[in-house]
Structure formats: structure tokens, C-alpha cells
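Right, one structure below, let's go through it.
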Amino acid sequence: MKLSRLGEFGLIEKIRRATPKGRGVLLGIGDDAAWVANPFRSSLVTSDLLIEGIHFDLKWTSLFYLGYKTLAVNLSDIAAMGGIPVYLILSLGIPAAFDSRDIEEFYRGIRFLAAKHGVALVGGDTNAAKFLIISACVLGHSLHRPIRRSGAQAGDDIYVTGTLGDSALALKFLKSRSPRVHHDAVRYLLSRHHRPTPRIAAGALLARQRLATAMIDVSDGLIQDLGHICKASGVGAQVWQDRLPLSRAYRTLAGKAGTRYALSGGEDYELLFCAHKHDRRRIEKLQTQARLVITRIGSCDSGKNGIVVLDAAGHPVETRAAGHDHFKK
């Protein structure tokens, strides 16, 4: 059904009927504000703005995947502070060419991931727009002290969850329209790009066990995001190029790019954190608890040389440090 026929309030009602109420929701979609219970010691709030043509292109992503990823990137922010996501507020600017089936497909992606993590959609807004605009806000809670970017110290180890560079390499194949897109390795990379996994359990364990001195999610690229930790903490860092965790698919397809996408590609949504050296055994045990590979990739230092990437022989490697910046082309 065309949105002009369904109308704003018809669309809102359609979304309301399709949305599970969720735990702690006293009053959800349909009133002036959501009413939710908050028995937690502290709350976490994050938001993200996605604009068609800048942050995503519907030529190479489906509306289902777009809905999924819209929620995933916000859940990753909550995970990066050791929190548990609870509520989602979502507002859309919708182009005239969209119909109700398009919006339903977008919300299907949202609901798919929300159901996995117990997140309830409790409100938002809709309006007409020249192109698709998505504004998402996720509220979470923390039963422990949230992990900030500013606690790293010289001598701390640097760790990252999962693998790096898969999403950026997948985007390269999407943009090139390569015939290799049906290759098994490419399909794996595409799944990492379209359906990133927010590391909520790992983040919560790091907070509960007080293991991470500083943490951030890898959204803009390893070097750029590590730079945020270094700046906030007043430290520098050494990253060991040969220790970067790379998937088999990445190693198969990266070619001459080497570790470039792993260092500066972005949109991996893995957790990058620092921890004291004496906690190495506890970090090893955490891998089993979180059922996730966690790799030690470097160490923090006094900060005099900024971030230095070293090859296997200990020689500095020239890197393209530029990750994603919303105001740079």
C-alpha cells in the first residue's frame, strides 16, 4: 500500500501492531512518550543518524539488512561500555517512492536482531523526506561501572575481539560489482558487512570482571578508534601487524591490500580494549566464557610517538590512518 494512502498514523499503527511489547515496557508506541521501568543502577544512551547516499546505498543493501544494521551499530555502542541494551527509539524520514511493504521489510530486519537481544521498540517518529533518513536511539543499563575510553595506562595490553577488515573488504567487492561476488569467501565477507554481530556478551563480561581499563567498538577503523582511546587516556600505542586477527576469507581475497582494511577499514563492530598485563590469564579464560576469539594485538606506551604499527621484525609500517569521518570526503 502506498504511504500516501496509508498515512502517517496508519503507518504508526501498523508498526505498533507488529512490535512486541518487551520487558519493562509499561506503555509503548502510541502515546506522547514511552513509559518504561528503570530498576537499574545506571543507564546508557546512544544514538546514530544514517542518511541514504552517505552512510548506505540501497543499490547494494536490502531494506532487511539495513534495518538489522541500524540496530546493530547502536547495540555495539552499548556493548563498548559494558552495558546491556533494553529499548529502541526509531525515527524515519521516508521518500515518496517507498510503500508500506518497504517499511515492513526494514522493520523486519530491526525485529530480527531485537528479538535476539531482548530489545523493545518503544517509540519514535515518521515524516516525509527526499531520501531515506534513519535516526535510532538505544537505551541500555549497566549493573557495573561502565567502561570508558579514558582508562588505559602505559604498559597495558591491547586486545580486539573477532576479526578485522571483513566489512571494508566486502564493501570493496560490492562497489566494484565483481563477478567473484558468488565466491564462498566473498559471501562470508558480505555476511560480516550486512549482519555485524554486536559483542554484547563480551562487553558485559569485561565490565563485570573489571578487566578492561578502556574500551571502544571498531566502527571507524582500528587505527582511528585506537586513536580515540589514546587521546582520551593520554597514552600512545604499538600495534603488531602480524598479530592482527584476519579471517580465512580476508586472507584469501585481500591480495596486495594486505592488512590495510584491517587497520583502517571500519564497520567491523568488534570490541577494542586495553587491560593490565597481569590479567592475561583471565582474558584467556574470558574467551571460553564469551565463546569468542580475543587477540592481543599490541601495547600502550608513554605516547611520545602516537600509534606505531610494527611488522614481524619490529620495523615501523607506513599506514593509511584515515578511518571514517562524517565531515570529510
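Going residue by residue through segment 104-124, is there one that turns out to be assigned to a loop (DSSP other than H, G, I, E, B) and over 20 Å from Ser219 (Cα atoms)? The answer is yes, given that some residue of segment 104-124 is assigned to a loop (DSSP other than H, G, I, E, B) and over 20 Å from Ser219 (Cα atoms).
Considering only segment 145-164, how many residues are surrounded by fewer than 16 Cβ atoms within 10 Å (Cβ to Cβ) and at pLDDT below 95?
Looking only at segment 145-164, we keep the residues that are surrounded by fewer than 16 Cβ atoms within 10 Å (Cβ to Cβ), and these are 145, 150, 153-155.
Filter once more, so that each one left must be at pLDDT below 95: 145, 150.
Selection size over segment 145-164: 2.
Evaluation of Val45 against the conditions (1) surrounded by 19 or more Cβ atoms within 10 Å (Cβ to Cβ); (2) at pLDDT below 95 shows that the sole unmet condition is (1). Scanning segment 87-96 turns up one or more residues that are surrounded by fewer than 23 Cβ atoms within 10 Å (Cβ to Cβ), of a type in the set (S, T, N, Q) and without any contact (Cβ under 8 Å) to a residue 60 or more places away in the chain. For segment 296-311, a residue qualifies if it is under 25 Å from the mean Cα position of the chain (by Cα) and surrounded by 18 or more Cβ atoms within 10 Å (Cβ to Cβ), and the qualifying residues are Ile297, Gly298, Ser299, Cys300, Ile307, Val309. If I filter segment 138-164 down to residues being in a loop (DSSP other than H, G, I, E, B) and charged (D, E, K, R), which single residue comes out as farthest from Arg260 (Cα to Cα)? Going through the qualifying residues, I end up with Arg145.
Tell me, yes or no, whether segment 165-176 has at least one residue that is of a type outside the set (Lys, Arg) and either assigned by TED's automatic domain parsing to the domain that holds Ser100 or in a strand (DSSP E or B) (or both). Before you say what the answer is, go through the steps one by one.
The initial filter retains those residues of segment 165-176 that are of a type outside the set (Lys, Arg), namely 165-171, 173-174, 176.
With either assigned by TED's automatic domain parsing to the domain that holds Ser100 or in a strand (DSSP E or B) (or both) added as a condition, the list becomes none.
Scanning segment 165-176, I find no residue that is of a type outside the set (Lys, Arg) and either assigned by TED's automatic domain parsing to the domain that holds Ser100 or in a strand (DSSP E or B) (or both), so the answer is no.
Restricting the search to helices (runs of 4 or more DSSP H) fully inside segment 247-322 and requiring at least 2 residues that are closer than 24 Å to Ile78 by Cα gives 260-264, 280-290. Only one of these is in contact (Cβ under 8 Å) with a residue 24 or more places away in the chain, in contact with a strand residue (DSSP E or B) (Cβ under 7 Å, 6 or more places away or on another chain), surrounded by fewer than 20 Cβ atoms within 10 Å (Cβ to Cβ) and not assigned by TED's automatic domain parsing to the domain that holds Phe112: Gln209, Gln238. Name it. When all the criteria are applied, what remains is Gln238.
The values are calculated or read from the model by the stated rules, or taken from the named source; none is laboratory data. Quick caveat, the model's predicted, so the values are computed rather than measured. When we count neighbours, we look across all protein chains shown, and the Cβ atoms used for this are built from the backbone with ideal geometry, even at glycine.
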